[in-house]
Structure formats: C-alpha cells, structure tokens
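S.K.: Handing you this structure, nothing more for now.
The values are calculated or read from the model by the stated rules, or taken from the named source; none is laboratory data. Note that this is a predicted model, so its numbers are computed, not measured. Note that each Cβ is placed from the backbone with ideal geometry, even for glycine, and that neighbours are counted across all protein chains shown. Remember, those area values only see protein heavy atoms, side chains included, never the ligands or the DNA or RNA. Shrake-Rupley method; radii C 1.70, N 1.55, O 1.52, S 1.80 Å.
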Amino acid sequence: VARDSEDVLRIERTLAARQAPLARFDALLHPWVAFGVMPLFALVNSGVEIGGLSPERIGGGVVVGTAVALVAGKLAGIFAFTAAAVKLGLAPIPGGAGWAKLLGVSAVAGIGFTVALFIAGLAFADQPALLDEAKLGILVGSLAAGVVGAIVLRATPVVR
C-alpha cells in the first residue's frame, strides 16, 4: 500500500510538472506578442506618419505636452485621488499594496492609448499636422509611462 501511495504521488508530481500544449504555445509566443506584435499593432493603428514629421515638430509643444500629460498627469491624478480616498478612510490601498506600488500602478495608467487617440482626433479634427504630433506624443507618453511604471514596480518589494 505504501508503494502504491509513492507511485501515485510520483505520477501526480510528474503530471503537475507537465504543461498542456496550449500553455507551452502561449508561453513561447508571449514575449513575441507582448514586445513585438502589440507595439507594432499600436503604431500602425495610430495612423502616425513618422516620415512626415520634421525634427522640429517631433520636439514641439503638442508632442511634448501630450507625452508629459500622459506620464505626469495620470500618475499625479490617480495617485493623489487614491491617496486622498485612503487617508479619508473611504477605501484601503488596493490589494493591500504599499504606497510605492500604488505609485507604480499610477504611472502605468499613463498607457491610455485608445481614449487618448480618440480625444486627439476630436481636438485636432481639422488640423492633421497637429493630430500627427498629438498621436506621436501619445505613443511616446505611453511608452514612457510603461517604462516608468515597470521600473517603479520592479524596484519595490511585494507586500504580502
């Protein structure tokens, strides 16, 4: 009976260590999709004609303003209002995380791509040159927000 129990446990451990073919396929493709296909999809669907932007326009007010607004504005707004809700006792920090994790998640929220493109389209509907600048700012800001958020989240310990 003891030998049977050991065999059953060995079989269970072996089965647990194996992955289903779909899970293996997903794990294999994930880096390619997350770091290649999705960014390329975002760039193509944004409609930005990078070749038509001069260096002066790339560093222009609309590009820089849009990028800074996505990074700093979202981070400050989400962090401040969540902190206020926590301090007023209206809500706990989500998931029991610490303030540093909240800061990182607030930064990641700057990856607001779809709505930002929609609003830029409304704001600059009759000014295609400025619309292209806003779209580039959205791409740059979203990338910067993701990088800043990832750095903060990686640098802070997980609270259990």
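S.K.: Using the Karplus curve 6.51 cos²θ - 1.76 cosθ + 1.60 with θ = phi - 60°, work out ³J(HN,Hα) for each residue of region 64-78 in order, rounded to whole Hz, and write x for Gly and Pro.
M.R.: 5, x, 5, 5, 5, 4, 5, 6, 6, x, 5, 4, 5, x, 5
S.K.: Computed FRET efficiency, Cβ-Cβ of Ile11 and Ala125, R0 45 Å: what is it to the nearest 0.05?
M.R.: 0.10
S.K.: Also, I was wondering about something else. In debye, nearest 20, what is the charge dipole magnitude of region 1-146 about its Cα centre with +1 on Lys and Arg Cβ and -1 on Asp and Glu Cβ, if you could check?
M.R.: Roughly 420 debye for region 1-146.
S.K.: Less than 12 Å from a label point 7 Å out along the Cα-to-Cβ axis of Val68: which backbone N atoms in region 127-160 qualify, by residue?
M.R.: In region 127-160, the label zone of Val68 (backbone N under 12 Å from the point 7 Å along Cα→Cβ) covers no residue.
S.K.: Same structure, new question: Once phi is turned into θ = phi - 60°, what whole-Hz ³J(HN,Hα) does the Karplus curve with 6.51, -1.76 and 1.60 give for every residue of region 140-157, x standing for Gly and Pro?
M.R.: Values, residue by residue: 5, x, 5, 5, 5, 4, x, 5, 4, x, 5, 5, 5, 5, 6, 7, 9, x Hz.
S.K.: Ok, one more. With the crude spin-label approximation of a point 7 Å out along Cα→Cβ, what separation in nm comes out for Ile151 versus Arg24?
M.R.: Those two pseudo-labels are separated by 3.9 nm.
S.K.: A further question follows. Determine which aspartates and glutamates satisfy two conditions relative to Lys74: a Cα distance under 12 Å, and not lying fewer than 8 residues away in the same chain.
M.R.: Output for Lys74: empty list, no partners.
S.K.: A further question on this structure: Considering only protein heavy atoms, what per residue accessible area in square angstrom results for the chain with a 1.4 angstrom probe?
M.R.: 67 Å²
S.K.: Just reorder Trp99, Trp32 by solvent-accessible area, largest first, 1.4 Å probe, all chains present.
M.R.: Correct descending sequence by accessible area is Trp32, Trp99.
S.K.: What number, rounded to the nearest 500 deg cm²/dmol, is the helix-based mean residue ellipticity at 222 nm of the chain, given -39500 (n - 2.57) per DSSP H run of at least four residues and division by all its residues?
M.R.: The helix-only estimate for the chain comes to -21500 deg cm²/dmol at 222 nm.
S.K.: Divide, for the chain, the radius of gyration over alpha carbons by 2.2 N^0.38 Å, where N is the residue count.
M.R.: 1.49
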